[in-house]
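The values are calculated or read from the model by the stated rules, or taken from the named source; none is laboratory data. Since the structure is predicted, the reported quantities are computational estimates derived from the model, not experimental observations. Note that each Cβ is placed from the backbone with ideal geometry, even for glycine, and that neighbours are counted across all protein chains shown.
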Amino acid sequence: MSTKAGLRQSRYALRVGWTNINAQRATRNAQLFGLYAALSAIGIVMVFPFVWMVATSFKQPLDIYTLSLLPTHPTMDNYVTALTKFPFARWLGNSLLVAGVTTLSVAFFDSLAGYVLAKLEFPFKNIIFIAILCTLMVPTEMLVIPWYILSVDYHLTDTYWGIMFPGVISAFGVFLMRQFMHNVPNELLDAGRIDGLGEFGLFWRVAVPLVTPAVAALCILTFLGNWNAFLWPLIVIQDPLMRTLPVGLSQFSYGEAGSRWELIMTGASIATVPVLIVFAVFQRHIIRGVALTGLKG
């Protein structure tokens, strides 16, 4: 009897255990379903403006103000008009050149300045760093007039250098790279010095590979900032062929019939392609850097 009672208790315990396991699985599945549903809803809300922009680029002018998301009569005329009747390709090339050069400049010089401020000792180092941080508190609008006077004095108006020189070095980038350079182990730098590397060699061959996620993040932010810049290129450039893409797109708002929304959305759709490519490329480096590096100072 005791054996049968023990078997019954064991079976009962197994049934109770399986019931608890199934209940936990159901609860976990419900939680995951709720989480995925919430994330999907947030994703739809975030993606909808982009989808609406692309869909509008294929609409005819009369279809823009309808409630339909998809165009009733899709057309490529907007792309043909933007690419043939306006110097759109030149504006796109100008933006790519300005954003690309400033991104490379910021990535190199800000990383170098961050390494110097983090790993080298020299007089007034902290004062210099504080002075750099203070420039972040100055609004860009207050710097436009000095920038313009400098551009006129050095004949930089209507030139690429005139557009780029305010952004070739970033105070925020110096601050960001300095903080990450602090996490580079001094032991690795000392080992490099023993092997005969100079300071620039230590920076380029030891420090930079270890702060790749920070460099990638800085490149993304810098490219986006210069790609979307409007105020300064509008002021310093008068030649229509030297306009950057945001300034060129603003010309679609001054037609005889009012704003050409179909052309604005067409230009904006094309303008997002380089941004998506840059983000996709550097996002991979950020994720790989976070996964493979765990440096502690």
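I'd like to check something: does the range 171-179 contain any residue that is assigned to a helix (DSSP H, G or I), more than 30 Å from V275 (Cα to Cα) and out of contact with any helix residue (DSSP H, G or I) (no Cβ under 7 Å at 6 or more places or on another chain)? Don't jump to the end; show me each part of the working.
First, pick out the residues of the range 171-179 that are assigned to a helix (DSSP H, G or I): 171-179.
From the residues that got through so far, the ones that are more than 30 Å from V275 (Cα to Cα) too are none.
Within the range 171-179, not a single residue is assigned to a helix (DSSP H, G or I), more than 30 Å from V275 (Cα to Cα) and out of contact with any helix residue (DSSP H, G or I) (no Cβ under 7 Å at 6 or more places or on another chain).
Answer yes or no as to whether D77 is more than 28 Å from M53 (Cα to Cα) and of a type in the set (D, E). Walk me through it before giving the result.
On the way: more than 28 Å from M53 (Cα to Cα): no; of a type in the set (D, E): yes.
When the stated conditions are applied, D77 does not pass them.
What's the number of the only condition in (1) not assigned by TED's automatic domain parsing to the domain that holds V174; (2) not in a helix (DSSP H, G or I) that V47 fails to meet?
(2)
For the range 71-85, name all the residues that are exposed (fewer than 13 other Cβ atoms within 10 Å of the Cβ) and aliphatic (A, V, I, L, M).
Within the range 71-85, M76, V80 qualify.
Table: residues versus (1) under 16 Å from T244 (Cβ atoms); (2) of a type in the set (S, T, Y); (3) crowded, with 19+ Cβ neighbours inside 10 Å.
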site: I130; (1), (2), (3): no, no, no
site: C134; (1), (2), (3): no, no, no
site: L143; (1), (2), (3): no, no, no
site: I149; (1), (2), (3): no, no, no
site: Y154; (1), (2), (3): no, yes, no
site: G167; (1), (2), (3): yes, no, yes
site: G192; (1), (2), (3): no, no, no
site: D195; (1), (2), (3): no, no, no
site: L202; (1), (2), (3): no, no, yes
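Being of a type in the set (K, R), assigned by TED's automatic domain parsing to the domain that holds T102 and touching a Gly at 6+ places or on another chain (Cβ under 7 Å) narrows it down to one residue among R205, R178, R193; which is it? Walk me through it before giving the result.
Numbers: R205 fails: touching a Gly at 6+ places or on another chain (Cβ under 7 Å); R193 fails: touching a Gly at 6+ places or on another chain (Cβ under 7 Å).
Step by step, each of R205, R178, R193 is checked, and only R178 is of a type in the set (K, R), assigned by TED's automatic domain parsing to the domain that holds T102 and touching a Gly at 6+ places or on another chain (Cβ under 7 Å).
Being surrounded by 13 or more Cβ atoms within 10 Å (Cβ to Cβ) and either on the phi > 0 side of the Ramachandran plot or not assigned by TED's automatic domain parsing to the domain that holds G162 (or both) is true for just one of K119, K59. Which residue is that? First the steps, then the outcome.
Details: K119 fails: either on the phi > 0 side of the Ramachandran plot or not assigned by TED's automatic domain parsing to the domain that holds G162 (or both).
So the residue among K119, K59 that is surrounded by 13 or more Cβ atoms within 10 Å (Cβ to Cβ) and either on the phi > 0 side of the Ramachandran plot or not assigned by TED's automatic domain parsing to the domain that holds G162 (or both) is K59.
Please indicate, with yes or no, whether at least one residue in the range 147-161 is free of Cβ contacts under 8 Å to residues at least 12 places away in the same chain, under 21 Å from C219 (Cα atoms) and assigned to a helix (DSSP H, G or I).
Yes, some residue in the range 147-161 is free of Cβ contacts under 8 Å to residues at least 12 places away in the same chain, under 21 Å from C219 (Cα atoms) and assigned to a helix (DSSP H, G or I).
Taking the range 32-67 only, how many residues are out of contact with any Asp or Glu (no Cβ under 9 Å at 6 or more places or on another chain) and in contact (Cβ under 8 Å) with a residue 60 or more places away in the chain? If you could, list the steps in order and put the result at the bottom.
Our first condition is that a residue be out of contact with any Asp or Glu (no Cβ under 9 Å at 6 or more places or on another chain); within the range 32-67, this holds for 32-55, 62, 65-67.
Applying the additional criterion that residues be in contact (Cβ under 8 Å) with a residue 60 or more places away in the chain yields 50, 53-54.
Qualifying residue count, the range 32-67: 3.
Let me spell it out: the conditions are (1) modelled with pLDDT of 90 or more; (2) small (G, A, S); (3) over 30 Å from P61 (Cα atoms), and A229 meets all of them except one. Which number is the exception?
(3)
Quick one: E141 ticks every box in (1) touching a residue at least 12 places away in the same chain (Cβ under 8 Å); (2) within 15 Å of M164 (Cα to Cα); (3) not basic (K, R) except a single one, so which number is it?
(2) is the only condition that E141 fails.
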